[in-house]
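Structure first, commentary second.
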Amino acid sequence: MSTPAQQTRIATARGHLHVRCWPGAAGGETRSPIVLLHDSLGCTALWRDFPDALARLTGHPVISYDRLGFGLSDAHPGVLGVDFVATEAQDSFGALLDALAIDRFMVFGHSVGGGMAVSIAAAYGMRCQAVITESAQSFVEPLTLDGIRAARDSFAAPGQMQRLEKYHPGKAQWVLDAWVNTWLSPEFRGWNLDAALARLRSPLLAFQGADDEFGSARQPQRIADLAAAPVELVLLPGCGHVPHRESTAQVLERVQHFVAQARLQADSARSSAG
């Protein structure tokens, strides 16, 4: 049975964020929330029933928020800077932690949200108990840019912008432009997660679809090669860019085991320190 999500809005320096929270089922035990970070055209609504399933299976509360300019959050006041992946850690994510009085947490990011998850974990150290990425870009490769160009062109078809508008009311064109113009800009070509990975202290589980149209297996391999923390790679045969929708059962099963192990390790580390 699905558990109704609680909805709230929290203030940031540049506008309000729409937030939804699914309670965990831990039998009274307090567990760190898993915070979801959506992709470049995504929002909380597009996670569909995955957050509820994740909360029920792991026993952890699950929190999802629409980044500024997306979904039901306020419009973004400008354009994305080329450092937008890294700055999410202190901007909206920092405001979320403060508003909800969150100390320790886990992060689960899809696509560019995966890059943000790594950057957040690097910024918050041991407050982040675990990182899960799926289809995360760790650097800019030609396949990524080709996929973005193809997706951009597809939005010229009748009904495509209206579909995007359904999930980003009044903001659809900004959302599309923010994705396309930022990633295809010359200034962004040298972007990567290398510095954040070098500061990572949390265990990381990385999913990658073998048929991902926006990134090759080189993306998670770079994460594994450069991370200063244990990394588990999961390559999903026959899966594209959205593992939590295309390979739901496999993703949930691996995440459940990974989260349980990360929780035990974090609890053990706290006990040793205390």
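Readers should treat all values here as calculations from the given coordinates under stated rules, not as data from a laboratory. Keep in mind the model is a prediction, meaning the values are calculated, not measured. Neighbour counts run over all protein chains shown; Cβ positions are idealised from the backbone, glycine included.
Specify which residue in the list 241, 257, 109 is farthest towards the positive end of the charge dipole of the chain, using unit charges on the beta carbon of Lys, Arg (+1) and Asp, Glu (-1), about the Cα centre.
It is 257, whose Cα lies furthest towards the positive end.
Please build a GNM for the chain, connecting alpha carbons under 10 Å apart, and tell me which residue among 37, 235, 100 fluctuates the most.
Taking springs between Cα atoms under 10 Å, the residue moving most is 100.
Of the listed values (1) 152; (2) 117; (3) 126, identify the label whose number matches volume of the Cα convex hull per residue in Å³ calculated from this model.
Checking each listed value against the structure points to (3).
Could you work out how far helix 248-273 tilts from the main Cα principal axis of the chain, as a 0 to 90 degree angle to the nearest 10?
50
Of the residues 33, 142, 203, which exhibits the maximal mean-square fluctuation in a Gaussian network model of the chain defined by a 10 Å Cα contact cut-off?
With Cα springs under 10 Å in the chain, the top fluctuation among 33, 142, 203 is at 142.
Take the Cα of residue 49, step 7 Å along the line toward its Cβ, and report every residue of region 242-263 whose backbone nitrogen sits under 18 Å from that point.
Backbone N within reach: 243-253.
Looking at the chain, identify the longest residue range that excludes and avoids all trypsin sites (Lys or Arg not before Pro) in DSSP loops having at most 13 other Cβ atoms within 10 Å. The partial results should precede the final answer.
Numbers: sites that count: 48, 189.
In short, 49-188.
Would you kindly calculate the translational diffusion coefficient of region 59-109, applying Stokes-Einstein with the Kirkwood radius from alpha carbon pairs, for 25 °C and a viscosity of 0.890 mPa s, and quote it in µm² s⁻¹ without decimals?
It comes out at roughly 198 µm²/s.
Each residue of region 185-192 in order: what ³J(HN,Hα) in whole Hz does its phi give by Karplus 6.51 cos²θ - 1.76 cosθ + 1.60, θ = phi - 60°, with x for Gly and Pro?
6, x, 5, 8, 4, x, 5, 7
Which value at 222 nm does the chain reach when only helices count, each DSSP H run of 4 or more adding -39,500 (n - 2.57), with the total divided by all residues and rounded to the nearest 500 deg cm²/dmol? Mind dumping the intermediate values first?
Working: 11 runs with 111 residues, N = 274.
Only helices count here, giving -12000 deg cm²/dmol.
When the dipole is taken about the Cα centre of region 42-102, and only Lys, Arg (+1) and Asp, Glu (-1) are charged at their Cβ, what size is it in debye, to the nearest 20?
It works out to roughly 200 debye.
Between 219, 160, 250, which gets the highest mean-square fluctuation from a Gaussian network model of the chain, Cα cutoff 10 Å?
Highest fluctuation of the listed residues: 160.
With +1 on each Lys and Arg Cβ and -1 on each Asp and Glu Cβ, and nothing else charged, work out how big the dipole of region 144-274 is about its Cα centre, in Debye to the nearest 20. Could you put the intermediate results ahead of the total?
Values: 14 positive and 14 negative charges, 73 e Å.
So the magnitude is around 360 debye.
Given a Förster distance of 41 Å, report the FRET efficiency between residue 98 and residue 185 from their Cβ-Cβ distance, rounded to the nearest 0.05. Write out the running numbers ahead of the final one.
Numbers: r = 32 Å, r/R0 = 0.77.
In this case the efficiency is close to 0.85.
What percent antiparallel are the DSSP beta bridges of the chain, to the nearest 5?
Antiparallel: roughly 30 percent of the beta bridges in the chain.
Given Cβ point charges of +1 (Lys, Arg) and -1 (Asp, Glu) and nothing else, what value in debye, to the nearest 20, does the dipole of region 1-156 about its Cα centre take? Kindly include the intermediate steps, with their values, before the conclusion.
On the way: 11 positive and 15 negative charges, 57 e Å.
Its charge dipole is roughly 280 debye.
Taking square-rooted eigenvalues a ≥ b ≥ c of the alpha carbon gyration tensor, is region 143-274 rounded, prolate or oblate, where a/c under 1.5 means rounded and, failing that, a/b exceeding b/c means prolate?
Working: a/c = 2.06, a/b = 1.77, b/c = 1.16.
Cα axes put region 143-274 in the prolate bin.
Just check region 44-146 against the gyration tensor rule for me: Cα atoms, a ≥ b ≥ c as the square roots of the eigenvalues, rounded for a/c under 1.5, and otherwise prolate or oblate depending on whether a/b exceeds b/c. Walk me through the intermediate numbers first.
Values: a/c = 1.34, a/b = 1.25, b/c = 1.07.
Rounded.
Given a Förster distance of 22 angstrom, what is the FRET efficiency for residue 216 paired with residue 153, based on the Cβ-Cβ distance and rounded to 0.05? List each step's numbers first, then the result.
Values: r = 21 Å, r/R0 = 0.96.
Given R0 = 22 Å and the Cβ-Cβ separation, E is 0.55.
From the backbone phi of region 134-149, what are the Karplus-calculated ³J(HN,Hα) couplings (6.51 cos²θ - 1.76 cosθ + 1.60, θ = phi - 60°) in whole Hz, Gly and Pro given as x?
Listing the rounded values in order: 9, 6, 6, 8, 10, 7, 8, 10, x, 4, 4, 5, 5, x, 5, 4 Hz.
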